[in-house]
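Undergrad: Questions regarding the structure given below will be posed in turn.
The values are calculated or read from the model by the stated rules, or taken from the named source; none is laboratory data. Quick caveat: nothing in here was measured; it's all calculated off a predicted structure. Reconstructed Cβ throughout: ideal geometry from the backbone, glycine too, with neighbour counts over all protein chains shown. For accessibility, only protein heavy atoms count, side chains too; no ligands or nucleic acids. Shrake-Rupley method; radii C 1.70, N 1.55, O 1.52, S 1.80 Å.
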Amino acid sequence: MQIIIYDDSQEVAIAAATWVQSLIKEKENPVLGLATGSTPIRLYQELVTMHKAGNCSFTNVTSFNLDEYHSINESDPQSYRSFMKANLFDHVDINQDNTFLPTCNQDQNPREQGLSYEKKIKQAGGIDLQILGIGANGHIGFNEPTSSLTSRTRIKTLTQQTLTDNSRLFSENELQPAMAMTMGIATIMDARYVLLMATGKNKAQAVKDMITGAVSANCPASILQMHENAVILIDKEAASMLNDQSYYQWADKQNRKLNDEFGFYHNF
Ligand code: GLP
C-alpha cells in the first residue's frame, strides 16, 4: 500500500485527477472504475476543469461504476447514473454508450445482472484504474462488513449505518433504497490500480482499520493490503488516527525523489 497524506481534500482531488489524466494519456483504450459519494465530487470537478482546458479527453474511455441502487430508474435524480451525469459525464467528451453501471430494475434478475456486469468488464479488458471512497464502516462500493472477500458483482442489503450515513442525500418524500448492486471485492481487487480517497475526521477510524487492522471481512477495505498497486490518498483529518504518519510522509518524499530520477512508475 502506498499511503499519501495531503493537507486537505482539494489536494487529494488534484492528486487523484493527475492519476486519471496519466492513465488516459498513456493508454489507448483506458478502462476507468468510477465511484459515487461526496468524496470523489472534487476529483470530477478537477477532471472537468482539465478537460475544458484541453488537457484531458475522454473519447476513448470506457467506464464501470462500482454500484447502483436496486430498482431505481436511470432517470431518477437519486440514481448513480444521474450522479455521474451531473458530476462528470455531461461535462466531458466521454461516449456515454461506453459508461456502465451495475443496474437491476424490478423486472430483472439480480444474479443474471451481476454475472453480465462481470462479463462486460472482462470484455473491455479489465479495469485499469479503480477509484474508491470508503464508508465510515470500512465498506468499499456497497460491500458492507462481512462481505465475502472473494465476492463478485451482486445485490447487497445495506447496513443501518450506511442507510443513516446516506440519508442526508435524500429528502423526506424520497424513498431511500435499502438494496444495491455492487461490484464485489474480488472484482475491485482485479483492477490493475486502485486509488482510494478518504477525507475528513469521520473516516479516520475506517482508514486506520483499513491500513493497520487485520485483513478482515469486518473491514472490507482492509483487503487492499493484499493489492499489488493500492494507492491511498487521504487528508490530514482522515489520517489523524494513524500512528505512523511521519513514516508515510518520509516514504512519500523518497518515492517523489525516485519519480524525479526514474519517472513516475505505473504499469497500466
Ligand atoms: C457510499 C458508496 C461508496 C462510497 C461511500 C462513502 O455508500 N457506495 O462507494 O465510497 O458510501 O461515501 P462518501 O464519500 O459520501 O462519504
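Undergrad: Would you work out what percent of the accessible area of region 198-268, with all protein chains in place, is carbon or sulfur (probe 1.4 Å)?
TA: Accessible surface attributable to carbon and sulfur in region 198-268 totals 47 percent.
Undergrad: Among all the lysines, which ones have a C-alpha under 29 Å from LYS120's C-alpha, if same-chain residues fewer than 8 places away are not counted?
TA: Within the straight-line cut-off, LYS120 pairs with LYS25, LYS27, LYS85, LYS156.
Undergrad: From the residues CYS104, ASN218, SER71, which one has its Cα farthest along the dipole of the chain in the positive direction, the dipole being from +1 and -1 charges on Cβ of Lys/Arg and Asp/Glu about the Cα centre?
TA: Highest projection toward the positive end goes to ASN218.
Undergrad: Further, regarding this structure: Give the peptides 36-47, 109-120 in descending order of average Cβ contacts within 10 Å, highest first.
TA: Put in order of decreasing packing, that is 36-47, 109-120.
Undergrad: GNM on the chain, C-alpha springs below 10 Å: top fluctuator among ILE134, ILE232, ILE14?
TA: Among ILE134, ILE232, ILE14, the largest GNM mean-square fluctuation belongs to ILE14.
Undergrad: Ignoring everything except DSSP H segments at least 4 long, calculate the 222 nm mean residue ellipticity for the chain; use -39,500 (n - 2.57) per segment, divide by total residues, nearest 500.
TA: About -10500 deg cm²/dmol.
Undergrad: Anyone know which of GLY200, GLY54, GLY33 comes out most mobile in the 10 Å Cα GNM of the chain?
TA: Fluctuation is largest for GLY54.
Undergrad: Separate question: Suppose each label sits 7 Å from its Cα in the direction of the beta carbon; what would the LYS52-GLN249 distance come out to in nanometres?
TA: Label-label distance for LYS52 and GLN249, simple model: 3.4 nm.
Undergrad: Evaluate E = 1/(1 + (r/R0)^6) for LYS25 and ARG168, where r is the Cβ-Cβ distance and R0 equals 35 Å; express this FRET efficiency to the nearest 0.05.
TA: That pair, LYS25 with ARG168, gives E of 0.45.
Undergrad: Still on this model: Find out how many positive minus negative residues lie around GLY126, taking Lys and Arg as positive, Asp and Glu as negative, among other residues whose Cβ is under 10 Å from that of GLY126.
TA: Here the charged neighbours net out to 0.
Undergrad: Quick check on the chain: what are the equivalent-ellipsoid semi-axes from the Cα gyration tensor, as sqrt(5λ), descending, whole Å?
TA: Result for the chain: semi-axes of 27, 23, 18 Å.
Undergrad: Next up: Using a 7 Å offset from the Cα along the Cα-to-Cβ direction at both GLN176 and HIS266, what is the distance between the two label points in nm, to one decimal?
TA: The two pseudo-label positions are separated by 3.4 nm.
Undergrad: Given +1 on the Cβ of Lys and Arg, -1 on the Cβ of Asp and Glu, and no further charges, what dipole in debye does the chain carry about its Cα centre, rounded to the nearest 20?
TA: 340 debye
Undergrad: While we're on this one: Pull up the cross-link candidates among the aspartates and glutamates for LYS52, meaning alpha carbon to alpha carbon under 16 Å and not fewer than 8 places away within one chain.
TA: ASP90, ASP93
Undergrad: Among DSSP beta bridges lying fully in the chain, give the percent that are antiparallel, nearest 5.
TA: Taking every DSSP beta bridge with both residues in the chain, the antiparallel ones total about 30 percent.
Undergrad: Lysines within cross-link reach of LYS236: Cα-Cα under 29 Å, excluding same-chain residues under 8 positions apart?
TA: LYS201, LYS203, LYS208, LYS253, LYS257
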